[in-house]
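Reading through the structure tokens given below for one structure.
The values are calculated or read from the model by the stated rules, or taken from the named source; none is laboratory data. Computed from a prediction, not measured in an experiment: that's the story for all the values here. FYI the Cβ positions are ideal-geometry reconstructions off the backbone, even for glycines, and counts take in every protein chain you see. Keep in mind that these areas ignore ligands, DNA and RNA; they rest on the heavy atoms of the full protein, side chains included. Shrake-Rupley method; radii C 1.70, N 1.55, O 1.52, S 1.80 Å.
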Amino acid sequence: MNILTLWPISLIVRHREAEAARIDLTIPENSAFWRRRQKKAGELLYVVIGDSAAQGIGASKPYRGYVQVVANHFAKETGRTVRIVNLSVSGARLREALAIQMPKLAELLREAEPDLMTVLIGANDINSFEKDRFTAELEELYSQLPSTAIVADLPSFHIPQRERLVTVANRIVRATAERHGLTVAPLYAVTKRQGIVRAVYQSAADLFHPNDRGYEVWASAFLPDVASRARSIRAREETSTSEASPTQ
């Protein structure tokens, strides 16, 4: 094969690597943003477990990621302000979530029950997927979640080899969630439906993380269940108000 025919591919690969390195530099910035955001008070508490996607890596700003989109929707549906405690860590696999994020969640749960919680973790485990380990670690993680947590299955990678592994992983996600009575947000179906062309259009320049458009799509997988959670909160508050009203 003529080396000239490979040159454009080489340029694309080098560009992607350069963009990935540039995006990696935003990790401390996004992490600092969510630490500051955690200090902002709110009437309702939204807690997040996840990886770089929950940090909004690849978006133009951290608040363009799916977490803030979900929070905005929750605030609109409830008519209340929302405090976000984003415990996610960029690059986290299940084992890092268990070691770093879950102890923080346990501490938080001793103080207050989240009004909303989303969990999206496991995509980074696909690179070195081990079915037994994935199953055991997911079981351990889900067993520590409150029953109101919304867990997402893994997104579509649109690459045949990865898709086969994601299919296996998502069977485990759904079976484990069912055992623990957890709601599953259909992220795989939502992202698979976009197709490869739109998936590229909705990706950041590293062709791995979503961009602003992609995160809007990711958020849409959570929104029906977030709306359902908001209705439950409104109903609870209406009942409480009714019971507190003096009888005639």
Give segment 182-206 a look and list any residue that's closer than 22 Å to SER143 by Cα, among the aliphatic types (A, V, I, L, M) and part of a loop (DSSP other than H, G, I, E, B), or say none. LEU182
Residue under question is ARG164, and the condition is that it be modelled with pLDDT of 95 or more, in a helix (DSSP H, G or I) and in contact with a strand residue (DSSP E or B) (Cβ under 7 Å, 6 or more places away or on another chain); does it hold? no
For segment 117-161, how many residues are outside any loop (DSSP other than H, G, I, E, B), out of contact with any strand residue (DSSP E or B) (no Cβ under 7 Å at 6 or more places or on another chain) and among the hydrophobic types (A, V, I, L, M, F, W, C)? 6
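Let's see how each residue does on (1) touching a helix residue (DSSP H, G or I) at 6+ places or on another chain (Cβ under 8 Å); (2) open to solvent by 20 Å² or more (accessible area, probe 1.4 Å):
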| residue | (1), (2) |
| --- | --- |
| ASP153 | yes, no |
| VAL173 | yes, no |
| THR176 | yes, no |
| HIS180 | yes, yes |
| VAL184 | yes, yes |
| GLN194 | yes, yes |
| VAL197 | no, yes |
| GLN202 | yes, yes |
| TYR215 | yes, no |
Going by what's in this entry, would GLU111 be described as among the acidic types (Asp, Glu), modelled with pLDDT under 95 and open to solvent by 50 Å² or more (accessible area, probe 1.4 Å)? yes
Looking at segment 33-66, which of its residues are in a helix (DSSP H, G or I), touching a Phe, Trp or Tyr at 6+ places or on another chain (Cβ under 9 Å) and without any contact (Cβ under 8 Å) to a residue 60 or more places away in the chain? PHE33, ARG37, GLN55, PRO62, TYR63
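Test VAL166 against the stated conditions and say whether it is among the β-branched types (Val, Ile, Thr), farther than 19 Å from ARG133 by Cα, touching a helix residue (DSSP H, G or I) at 6+ places or on another chain (Cβ under 8 Å) and open to solvent by less than 40 Å² (accessible area, probe 1.4 Å).
In short, no.
Here's the yes/no breakdown for (1) open to solvent by 10 Å² or more (accessible area, probe 1.4 Å); (2) within 18 Å of ILE150 (Cβ to Cβ):
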position	(1), (2)
PRO28	yes, no
LYS40	yes, no
GLU43	yes, no
GLY65	no, yes
GLN68	yes, yes
ALA71	no, yes
THR81	yes, no
VAL89	yes, no
Identify all residues within segment 41-90 that are within 16 Å of the chain's Cα centre (by Cα), closer than 20 Å to ALA185 by Cα and among the polar types (S, T, N, Q); write none if there are none. SER52, GLN55, GLN68, ASN72, ASN86, SER88
Here's a check for you: in segment 119-136, which residue that is touching a residue at least 12 places away in the same chain (Cβ under 8 Å) and small (Gly, Ala, Ser) is surrounded by the fewest Cβ atoms within 10 Å (Cβ to Cβ)? ALA123
Subset of segment 167-218 [farther than 18 Å from ILE150 by Cβ and of a type in the set (Ser, Thr, Tyr)]: THR167, TYR201, SER203
